[in-house]
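Visitor: Here it is, the structure in full.
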Protein chains: 2
Amino acid sequence: MENHKNNTQLQGTEKLIMEAAKKIFGRKGLDGARMQEIADEAGINKALVHYYFRSKDKLFEAVINETFLSFFPMVMSLMSNPSISLFQKIERFVDLYISLIQENPHIPGFMAQELSRGGADRVLDMFKDSGIKPEVFFQQIEQEIKTGTIVPVSPVHLIVNMISMCIFPFLARPLISGFLIRDRIDYDEFLEERKKELPKFIINSIKKK
Amino acid sequence: MENHKNNTQLQGTEKLIMEAAKKIFGRKGLDGARMQEIADEAGINKALVHYYFRSKDKLFEAVINETFLSFFPMVMSLMSNPSISLFQKIERFVDLYISLIQENPHIPGFMAQELSRGGADRVLDMFKDSGIKPEVFFQQIEQEIKTGTIVPVSPVHLIVNMISMCIFPFLARPLISGFLIRDRIDYDEFLEERKKELPKFIINSIKKK
DNA sequence: ATTTGTTTTAACCAAATGGTCAAATATAAA
DNA sequence: TTTATATTTGACCATTTGGTTAAAACAAAT
């Protein structure tokens, strides 16, 4: 029997299954995905998937854990680091977020599937367990407002704005591509542009001049 | 036999099925939804669903059509109306978008499900068929940049930003609620706040001072 | 080489599910 | 009241699918 608790360093067959599952679940969701399809993608027998992960639900849960654990810690440790200035934080946040998703293309689809079901409780739990405190970021904003560096903004709306503008373009990728044809630029180019445009857009909005 | 092409004014049983389907599909997606569940939600026999809509896929497609047809025309006729000023347009866009989704809560989940599959082609087709031209909005932006009213911004990024910040909060609703607890405000309050905050945030960012 | 335990596979199963159909019921026309 | 037509239903079917299992293949230790 293997150690099924150590999700961070999977090897061999187990790793194959995880990667295949990320791809298929991200593309088709929990219900749309077929165990057979995941097995095929991993190049192994279907029974092996059950051998390692017991059930479809367990596998899905494992994928959720790996996905969000590869995600939140980095982003959130940045946000709750009090020694980084607000503007720097915004710049790094956008870059980190977009880069992270570029490297893990399954995340947006996966996130959407997971959120549009009831599954956000699980994500919220992971938040709490991670010991991360968005308060640091919120307080930093309130501080800058008092100092007069930025105009008054609701911290919650600001963070929601930032996350929205980072994630949603990945979800709406095919739609946006339709728009982009006009400008004859491809999607990756669009994302690189975005890494520069977005921080400017955000900072421009809150910076007092 | 009824007229199955007139999707805009359904009545009786057919309407019941449509409303039930919107709810269930929006909540669980095409694959997650069960025909039986839709029938139950509508309070009718399962065979009736097939009687009116033939197959699950056809029903899903019908829901897509109704959903997006209730959506794009209004938003897009606003955006491509050249007699409304850019700033007014932004204000009305945000208000219209959020209100529309508030009244049709199934839209975000439904949209996410549809986008995270391949189904964006269909949406793009509806775009083209609707005879709507986002060019008007784009040109308006470029015009205001020349005039010097706003700072130089990429029109595509701007519209993507606007749509992102309107839609994503609905998708991430359960997550955001987690944040909001801190401020002791509920979600509807948050949305009303947002209708005021968002236009300010956007205009603030592009307005030249 | 034999034993012991682990990994992998093919064949199989029970349950769920989309879809069909013939019969029943309501509706309207003659 | 008939007759014809549209609507609704319960029973049924074929297929798909998650999951099981017994046996084969493999690896490691004695």
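The values are calculated or read from the model by the stated rules, or taken from the named source; none is laboratory data. What you see is a predicted model; the values in this text were computed from it and never measured. Backbone-built Cβ (ideal geometry, glycine too); neighbour counts: all protein chains shown.
Visitor: Which residues, taken from the range A:39-60, are touching a residue at least 24 places away in the same chain (Cβ under 8 Å) and surrounded by 14 or more Cβ atoms within 10 Å (Cβ to Cβ)?
Guide: A:Ala42, A:Ile44, A:Leu48, A:Val49, A:Tyr52, A:Phe53, A:Lys56, A:Leu59, A:Phe60
Visitor: Within the range B:96-114, how many residues turn out to be buried (at least 16 other Cβ atoms within 10 Å of the Cβ) and modelled with pLDDT of 85 or more?
Guide: 7
Visitor: Within the range A:19-41, restricting attention to residues that are small (Gly, Ala, Ser) and closer than 22 Å to A:Ile107 by Cβ, which residue is nearest to DNA strand D (Cβ to nearest atom)?
Guide: Among residues in the range A:19-41 that are small (Gly, Ala, Ser) and closer than 22 Å to A:Ile107 by Cβ, the one nearest to DNA strand D (Cβ to nearest atom) is A:Ala33.
Visitor: Within the range B:186-194, can one find any residue that is of a type outside the set (Gly, Ala, Ser) and within 22 Å of A:Ile203 (Cα to Cα)?
Guide: yes
Visitor: With a cut-off of at least 2 residues that are away from every other protein chain (no Cβ under 14 Å), within 16 Å of DNA strand D (Cβ to nearest atom) and of a type in the set (A, V, I, L, M), name the helices (runs of 4 or more DSSP H) lying wholly within the range A:42-103.
Guide: Ranges flagged: A:46-53, A:56-69.
Visitor: Moving on to the next point. Report yes if some residue within the range A:152-169 is assigned to a helix (DSSP H, G or I) and surrounded by fewer than 15 Cβ atoms within 10 Å (Cβ to Cβ); otherwise report no.
Guide: no
One line per residue, one yes/no per condition, for (1) farther than 21 Å from A:Asp125 by Cβ; (2) basic (Lys, Arg); (3) more than 16 Å from DNA strand C (Cβ to nearest atom):
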residue	(1), (2), (3)
A:Leu30	no, no, no
A:Met35	yes, no, no
A:Ala39	yes, no, no
A:Glu66	no, no, yes
A:Ser77	no, no, yes
A:Asn81	yes, no, yes
A:Gln88	yes, no, yes
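Visitor: Scan the range A:25-38 for residues that are surrounded by 14 or more Cβ atoms within 10 Å (Cβ to Cβ), in a helix (DSSP H, G or I) and modelled with pLDDT of 95 or more and report the count.
Guide: Within the range A:25-38, residues that are surrounded by 14 or more Cβ atoms within 10 Å (Cβ to Cβ), in a helix (DSSP H, G or I) and modelled with pLDDT of 95 or more number 3.
Visitor: Determine if the range B:80-92 includes at least one residue that is on the phi < 0 side of the Ramachandran plot and under 11 Å from the mean Cα position of the chain (by Cα).
Guide: There is no residue in the range B:80-92 that is on the phi < 0 side of the Ramachandran plot and under 11 Å from the mean Cα position of the chain (by Cα).
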